[in-house]
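Single-structure report; data block below.
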Amino acid sequence: MNARDRILSKVRAATDPLPEKTALPDLDVVASIGSRTMPDAGDANAVCATFEEEWTKVGGILVNDESELIELLKSLDAGKGYADPALALESLKGAFEVDDIFDREQVDTYSFSITRATGAVGETGTIILTDGDTPNRLSALAPWIHVAVLSRENIEATLGAAIPTFGSDPSVVLVTGPSKTADIEGILIEGVHGPGVQICLLV
Amino acid sequence: MAKLEQAIDNHAANLDEETREAVRLASKAKTEKRVNALWTDFDDPNALRKLASQVRQHALDNLPDYLEQAEAAFQKNGVQVHWAEDGDQANAIVLDIMRRRGASKVVKSKSMVSEETELVPFLEKHGMEAVETDLGEYVVQIDGDHPSHIVTPIIHKNRRQVGRSFEREGLGEYTEDPLELTRMARRHLRQKYLDADVGMTGANFVVAESGRIVLVTNEGNARFSMAATKTHIAMVGIEKIIPREQDVPLFLSLLGRSATGQPLTVYTQFIGGPKSASQEEGPEEMHLIFLDNGRSDILASNCKEILRCIRCGACMNVCPVYRQTSGHAYRSVYPGPVGAVLSPLLNKAGFPDLADLPKASSLCGACQEVCPVDIPIPDLLLRLRNKGKQEHAPKTSINTPGLSFWALAATQPAAWKTGLKLGHAMNVVPHALLDVNPSAKSWRSTRELPPFRGGDFRSWLKAHEKKGGAS
């Protein structure tokens, strides 16, 4: 017997004699758990409004169009950036130096990056990044400012509703605000390893 | 003060005031955050706890089936699945993967299970560079220290200590500013990620149905470990199974709120396999190591409920003993109430070595009240005290007054009667004489013995019966 078989046979020996096994709660019971911030899934406007509110609450910044984004980046003294070439952000390219390939060797020269959000969760104010929609994982993580471009129609009410949209993507990342820590004396600091400024451009 | 013989008492007695205060304040603040988050967001958080408890217990009761289901699902996703009976086997698997990949550098995301196997010292011994990337764990590593809390590893340190450590390690000039200290760590660790060959993580949950691990961090270090490296190794305890992907939101709701008061941790990753073909960065290989290390024995024991634990740390934050002693007093990877149950059972040096931990509790029950999976920790502590007695573990009996005298009195009516008469004598004897017994002295150091007023019931009952009062 190898390690696998020995472990499984020990686990089986532990669970086989149980006179009764705990039942698995029905999925609809588990899925019915919603917090007070859970929006009505049938009301797209309510779902979007909840997302906007919760996203702001967790420290995310919202912008509604490209010109607003340009103004915001200027106010943050942004320099060179990267944008996913699939996003045709023409006026942005006029305002900043924008690469369409993320060069790992120059990772710290990008002050901002712009990538696509696959979706979002209203209830928790969360954007969803996937391998499929992010050409370069580092690009959405390493620069101080990250902008996720999110289509309003891809916002789901709850995480449970968003899970089926994950498909077979091997790396689904839910991002709920800027990277943070409270390891030193419980004091909240934003921008540890990931972005210190997390922006969502709603389109 | 009486001589304290319990290791945990000694540790608490010798704790400096600064550390005690840091631990007490931080754990109190986290307990309040948890209560606020759960009761603001839900009408009845207890219903969530019961439901989560049921899902976890179901998974454990059917663990062999779910492990096989998970293994097949991971393999289908292109993940290489390994099994390790103990820490040594798990560490050897990691080393073997690294050697086959020609790797020499690993960045590690926070994982309690790798603390259990002492992975980092093992890899360093074999010439590998292993760097902890969670800010707190990084400080623990450079200080040669141990985490004192499973969620906030340096709860026992203050900003000045961190500042001195960073200065010593050459991260920058001394500062006490937590913001500047965090920036220093960001700059230093960024290069470590980019240079590393392997990203090592644990997992908060393992979803049997989909073959994905779910991993949460606030700092983004697990995400970075899986963005900058070419190999991902996840080491997970066999008990981490969640049956269905739709069960995950319930657990995330409880985990974030119970641990830090957040509805959802900042980075929540669902990882099922190596990077996709079009992806420019990230692991080409993903390995999952299922580690037993004593868990199957616990599953067969009368303490199996402890395996439901999702490692939120709420029980230590609320525990009056943890708040006074800090985590190191538990002399093991898992401190606090969960540790008092889990650590003696997982202990490499055997149960008797940590048999005192189940006694480090007043059985107040606060740990069970806050537990997101409703583990009956006080009951489990009692079962382990019994185990200690049955197995004659010496540490179970330290500082416990012997019960043989009481047992004698309780089985001999004449001795009992004499004892009750003697009770009145206590009212005239100076109480300081009691101090010959160390336990009595320790008890008396903070309390006054009340006057003895008992011993009259028997004579009262006799007189009452004579009067025909008994019906």
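The values are calculated or read from the model by the stated rules, or taken from the named source; none is laboratory data. None of these values were measured; they are calculated from a predicted model. With ideal geometry, Cβ positions are generated from the backbone for all residues, glycine too; neighbour counts draw on all protein chains shown. Side chains included, ligands, DNA and RNA excluded: accessible areas come from the protein's heavy atoms. Shrake-Rupley method; radii C 1.70, N 1.55, O 1.52, S 1.80 Å.
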Residue hits (the range B:322-334; in contact (Cβ under 8 Å) with a residue 60 or more places away in the chain and under 21 Å from B:Asn347 (Cα atoms)) are B:Tyr322, B:Thr325, B:Ser326, B:Gly327, B:His328, B:Ala329, B:Tyr330, B:Arg331, B:Val333, B:Tyr334
Boolean, B:Phe270 is part of a strand (DSSP E or B), at the interface with chain A (Cβ under 10 Å from one of its Cβ atoms), modelled with pLDDT of 95 or more and surrounded by fewer than 24 Cβ atoms within 10 Å (Cβ to Cβ): yes
Considering residues of the range A:147-163 that are within 19 Å of B:Ser210 (Cα to Cα) and of a type in the set (A, V, I, L, M) only, the residue surrounded by the fewest Cβ atoms within 10 Å (Cβ to Cβ): A:Ala161
Which members of the range B:288-317 meet the condition of being more than 14 Å from chain A (Cβ to nearest Cβ) and either surrounded by fewer than 24 Cβ atoms within 10 Å (Cβ to Cβ) or not in a helix (DSSP H, G or I) (or both)? B:Cys309, B:Ile310, B:Arg311, B:Cys312
Where in the range B:14-76 are there helices (runs of 4 or more DSSP H), lying fully within it, with 3 or more residues that are in contact (Cβ under 8 Å) with a residue 24 or more places away in the chain, of a type in the set (Lys, Arg) and open to solvent by 60 Å² or more (accessible area, probe 1.4 Å)? B:17-41
Complete set of residues in the range B:336-362 that are hydroxyl-bearing (Ser, Thr, Tyr) and either open to solvent by less than 30 Å² (accessible area, probe 1.4 Å) or touching a Phe, Trp or Tyr at 6+ places or on another chain (Cβ under 9 Å) (or both): B:Ser343
Please pick out the residue among A:Glu90, A:Glu68 that is closer than 26 Å to A:Ser111 by Cα and at pLDDT 95 or above. A:Glu68
Unmet requirement for B:Gly127, which otherwise passes all of (1) modelled with pLDDT of 95 or more; (2) surrounded by 15 or more Cβ atoms within 10 Å (Cβ to Cβ): (2)
Sort out which residues of the range B:366-410 are in a loop (DSSP other than H, G, I, E, B), surrounded by 14 or more Cβ atoms within 10 Å (Cβ to Cβ) and aliphatic (A, V, I, L, M), and write them in order of number. B:Val373, B:Ile375, B:Ala393, B:Ile398
Those residues that are assigned to a helix (DSSP H, G or I) and free of Cβ contacts under 8 Å to residues at least 40 places away in the same chain, I need them from the range A:69-91; list them, please. A:Ile70, A:Glu71, A:Lys74, A:Ser75, A:Glu90, A:Ser91
Please work out which residue is most open to solvent (accessible area, probe 1.4 Å), limiting yourself to the range A:164-203 and to residues that are of a type in the set (A, V, I, L, M) and more than 8 Å from chain B (Cβ to nearest Cβ). A:Leu188
Could you tell me which residue of the range A:154-163 is farthest from the other protein chains (Cβ to nearest Cβ), considering only residues that are assigned to a helix (DSSP H, G or I) and in contact with an Asp or Glu (Cβ under 6 Å, 6 or more places away or on another chain)? A:Ala162
When the range A:37-68 is checked residue by residue, the ones that are outside any loop (DSSP other than H, G, I, E, B), open to solvent by 30 Å² or more (accessible area, probe 1.4 Å), among the hydroxyl-bearing types (Ser, Thr, Tyr) and within 29 Å of B:Gly261 (Cβ to Cβ) are A:Thr56
Taking the range A:28-61 and keeping only residues that are charged (D, E, K, R) and under 21 Å from A:Ala148 (Cα atoms), one is left with A:Glu52, A:Glu53, A:Glu54, A:Lys57
